Structures are given as C-alpha cells and as structure tokens.
1. Which condition number in (1) among the β-branched types (Val, Ile, Thr); (2) under 19 Å from ASN290 (Cα atoms); (3) touching a residue at least 60 places away in the same chain (Cβ under 8 Å) is the one that THR115 fails?
2. For the subset of segment 286-317 comprising residues that are among the polar types (S, T, N, Q) and within 12 Å of the ligand (Cβ to nearest atom), which member is nearest to GLY190 (Cα to Cα)?
3. Looking only at segment 136-180, count how many residues are more than 17 Å from the chain's Cα centre (by Cα) and either more than 15 Å from the ligand (Cβ to nearest atom) or crowded, with 19+ Cβ neighbours inside 10 Å (or both).
4. For segment 17-114, which fully contained helices (runs of 4 or more DSSP H) count at least 1 residues that are β-branched (Val, Ile, Thr) and either surrounded by 22 or more Cβ atoms within 10 Å (Cβ to Cβ) or within 16 Å of the ligand (Cβ to nearest atom) (or both)?
5. From the list ALA78, ALA106, ALA69, ALA73, pick out the single residue that is within 17 Å of ALA293 (Cβ to Cβ) and modelled with pLDDT of 95 or more.
6. Output the residue which, of all residues in segment 223-234 that are of a type outside the set (A, V, I, L, M, F, W, C) and either more than 28 Å from ARG273 (Cβ to Cβ) or within 7 Å of the ligand (Cβ to nearest atom) (or both), is surrounded by the fewest Cβ atoms within 10 Å (Cβ to Cβ).
7. Of everything in segment 181-214, what is within 14 Å of the ligand (Cβ to nearest atom) and hydrophobic (A, V, I, L, M, F, W, C)? Give them in sequence order.
8. Name the single residue that is surrounded by the fewest Cβ atoms within 10 Å (Cβ to Cβ) among those in segment 201-218 being farther than 15 Å from ALA117 by Cβ and within 30 Å of the chain's Cα centre (by Cα).
Amino acid sequence: MPSNHSLTGVSFIGCGAAAPETVVLNDALAQVVDTSDEWIASRTGIRQRHVSNDRESLAGFATEAAQQALAMAGVAAADVDMIILATSSAEDLFGTACQIQAQLGATKAVAFDLTAACSGFVFGVVTAAQFLRSGAYQNILVIGADLLSRWVDWNDRNTCVLFGDGAGAVLMQATEDADRLLGFEIRSDGTQNCCLNLAFKPELRELIPGTILTQGRYQYITMNGKEVYRFAINRVPDAIDKVIHQANLTSNDIDWLILHQANQRIMDAVAERLHIPAEKVVSNVANYGNTSAASIPIALNEAVRSGRIQSGDTIATSGFGAGLSWGAAIFKWG
Ligand code: ACO
C-alpha cells in the first residue's frame with residue numbers, strides 16, 4: 001500500500017548508465033551497406049554505436065544502470081517503491097520491468113514498462129513525478145533502455161546507421177524541499193504515426209473454418225527520416241520554450257540542454273532556435289548513436305559523473321520520436 005505523506009517536491013539524486021562493450025564504427029558499417037563514415041558523420045554526428053550480443057539482455061543493462069543510480073543516491077534496492085522501464089524493445093511483450101525488479105532485489109517495488117519510443121524517458125520522469133508529488137511513493141527508479149540493434153534492418157542504410165544499444169537510469173525521490181521538477185510538457189500526434197514504426201505484421205491463419213486469426217511477428221524499424229527531422233526541429237523548441245515559461249525562466253537560465261541524442265544536426269538546430277550556446281548542449285551521439293529511450297539518461301549520467309553537471313544546475317531536456325510523441329521537462333539536478 002502506498003503511504004500518504006504530505007511530501008510535495010521531486011528531486012533527482014542518482015543516475016547510472018550501461019552499454020554493450022561491442023562497438024561498431026562507421027567504417028565497419030560501410031562493409032554492411034552502401035555508406036561511408038563521411039556520410040554518417042556529416043549527416044548525423046554519429047561515429048560509432050554499441051551493439052549487444054546473444055549473452056546480453058535489456059534487463060541486464062537496465063539493472064546495471066539502476067544499481068549505479070541507487071548507489072549514487074545512497075538508496076537501498078529494498079527502499080524503491082516503483083520501477084518505470086521506458087522501452088520499445090522489451091524482451092517480453094508482457095513487460096521486462098519485473099525482471100529488473102527481481103535482479104535488483106527491489107522486493108517492495110511495483111514495476112512496469114512504459115512504451116513511448118524516444119520520448120519514453122521524459123514520459124517516465126513525468127509519470128514518476130505524479131506519484132512522488134501526491135505523497136504516494138518516496139523512491140522511484142526511471143530507466144530508459146533499448147536494444148534497437150535487434151530491430152533495425154541491417155540491409156537498410158537509411159536506418160541501420162542511426163541506432164545503438166544502451167540503458168540509463170535516474171533515481172527520483174520525494175522531498176519536503178522545493179520541487180526540482182520546474183515544468184513539463186508531454187505530447188502526442190498520432191496522425192503522423194506512419195512516419196516511424198516497429199510494427200506488427202499479421203499473417204492470417206484459419207483456426208477453424210470461418211475463423212481467421214492474425215498471427216505473425218514484428219517488422220524491422222521503418223522511418224521517414226525527413227518527416228521525423230522536420231517534426232523534431234519544429235515541435236521540440238516549442239515544447240522547451242513552453243516549459244521555460246512555465247518555470248518562470250528564460251533560456252539564459254538553462255545551464256544544460258540534454259536532448260534525445262538522435263542527430264547532432266537536430267540538437268544544433270534546436271539549440272540555435274532557443275538561443276542556447278553550443279557549450280551548454282550535452283551530446284554524446286558520436287559515441288552511441290540513437291539509443292532511443294536510453295539516450296537522455298546516458299548523456300545525463302556522463303555529464304554528472306564527469307563533473308560538468310553540478311548539484312543545483314538547471315537542465316532542459318526533450319525526448320521525441322515514434323508516436324509521433326514528444327516531451328520536454330526542466331529540472332534541477334541533485
Ligand atoms: N549512407 C549513404 N547515403 C545514405 C544513407 C547512408 N547511411 N542513408 C541515406 N542515404 C542517401 C539517401 O538514399 C539519399 O540519396 P538520394 O538523394 O540519392 O535519394 C541521400 O542520402 C539523402 O538522404 P536524406 O534522407 O535527404 O538525408 P538527410 O540529410 O535527411 O538525413 C537522416 C537523413 C539522418 C535520417 C535525417 O533525416 C534524420 O536524422 N532524421 C530524423 C531521424 C530521427 O531523429 N529519429 C528519431 C526518432 S527515433 C525513435 O523514436 C525510435
């Protein structure tokens with residue numbers, strides 16, 4: 001049963017990340033499809049991506065990231081109330097979050113998956129905040145994890161060069177101090193759903209005469225890159241602008257911009273539209289490619305552990321992608 005404290009604030013006190021050891025450089029991909037390091041790097045900023053092997057699992061990377069977040073926060077797994085796993089590449093369509101709960105030993109935590117593609121981490125943070133602000137829960141792990149190397153068509157140069165595997169996590173805690181989530185905006189536009197899909201492909205099976213079922217499997221990722229690009233550079237600055245106003249701030253007050261790491265050109269265009277200088281933009285897309293729901297917490301974790309992001313810094317973040325969906329949030333670290 002949730003307790004009913006009158007805690008109203010949210011704080012972000014731990015982070016962690018994990019990725020497969022195996023790295024595939026752009027030059028190596030040029031042996032798989034008709035592409036080049038020059039094309040990939042100049043169009044996307046990506047130089048390499050991490051890809052998982054048959055001994056590795058989504059739950060394993062997610063658990064590792066979560067353990068790091070708990071250690072940084074000084075919170076025991078047994079004290080976690082909820083685990084939200086943002087993923088679009090669950091190993092079990094019934095949900096992968098419970099495997100993480102078991103591996104962590106987070107015995108009292110309720111655990112569930114949240115599917116919102118590359119917006120998943122921001123949606124997860126906003127969801128967690130509602131449970132913390134209401135006083136229902138004290139400690140929530142929000143994990144973004146995806147192994148999209150399993151779901152790209154390695155014969156399609158339009159998509160296979162973009163994605164990589166990884167996991168990132170944050171520990172959010174209820175606090176009686178000032179709320180550190182300063183504003184959020186989460187949005188969907190299903191009319192553009194066909195721009196980016198990892199869709200079920202039905203095969204018909206006549207179970208008994210006259211009764212036809214649809215069985216089948218999921219297709220590889222399909223994407224209209226130009227449309228998604230246009231969508232991102234239009235919607236993301238607007239959403240961030242909105243949360244900056246919600247928080248009674250201006251873009252000058254933003255210490256760090258951490259966008260979903262899809263494409264360096266998207267990050268540059270969004271930062272420019274918001275008048276946020278390049279040195280405030282956290283980017284590691286060169287090393288990971290697009291890790292979907294994992295990209296924001298992996299970038300956050302690197303910036304916190306390298307000492308760039310300090311306690312009290314104001315961070316603007318935005319995830320965007322399939323759905324189409326997008327979300328933005330402003331929070332203070334620590
Ligand atoms: N290597 C070489 N050439 C390529 C490659 C490649 N890997 N991929 C495409 N090309 C070719 C195309 O075939 C095209 O050739 P053509 O002119 O002869 O037809 C040419 O390069 C130009 O292609 P464009 O699509 O115009 O390239 P663009 O500059 O738009 O970049 C990209 C493509 C990188 C996909 C870009 O559109 C993009 O980043 N889109 C957004 C994707 C995204 O952000 N997704 C995020 C959400 S992910 C999620 O939610 C799971």
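The values are calculated or read from the model by the stated rules, or taken from the named source; none is laboratory data. Computed from a prediction, not measured in an experiment: that's the story for all the values here. All Cβ positions, glycine included, derive from the backbone under ideal geometry; neighbour counts span all protein chains shown.
1. Looking at each condition in turn, THR115 falls short on (3).
2. So in segment 286-317, the residues among the polar types (S, T, N, Q) come out as 287, 290-292, 295, 301, 306, 310-311, 314, 317.
Applying the additional criterion that residues be within 12 Å of the ligand (Cβ to nearest atom) yields 290-292, 295.
On the way: ASN290: 22, THR291: 22, SER292: 18, SER295: 23 Å.
The extreme case among them is SER292.
3. Looking only at that region, the number is 16.
4. Qualifying helices (runs of 4 or more DSSP H): 37-44, 58-73, 97-104.
5. ALA69
6. Let us first name the residues in segment 223-234 that are of a type outside the set (A, V, I, L, M, F, W, C), namely 224-227, 229-230, 234.
Now drop any that are not either more than 28 Å from ARG273 (Cβ to Cβ) or within 7 Å of the ligand (Cβ to nearest atom) (or both), which leaves 225-226, 229.
Details: GLY225: 16, LYS226: 9, TYR229: 17.
Checked segment 223-234; the qualifying residue surrounded by the fewest Cβ atoms within 10 Å (Cβ to Cβ) is LYS226.
7. Matches in segment 181-214: CYS194, CYS195, LEU196, LEU198, ALA199.
8. First, pick out the residues of segment 201-218 that are farther than 15 Å from ALA117 by Cβ: 201-217.
Narrowing the set further to residues that are within 30 Å of the chain's Cα centre (by Cα) leaves 201-202, 215-217.
Working: LYS201: 10, PRO202: 11, GLN215: 10, GLY216: 12, ARG217: 8.
Out of the qualifying residues, it is ARG217.
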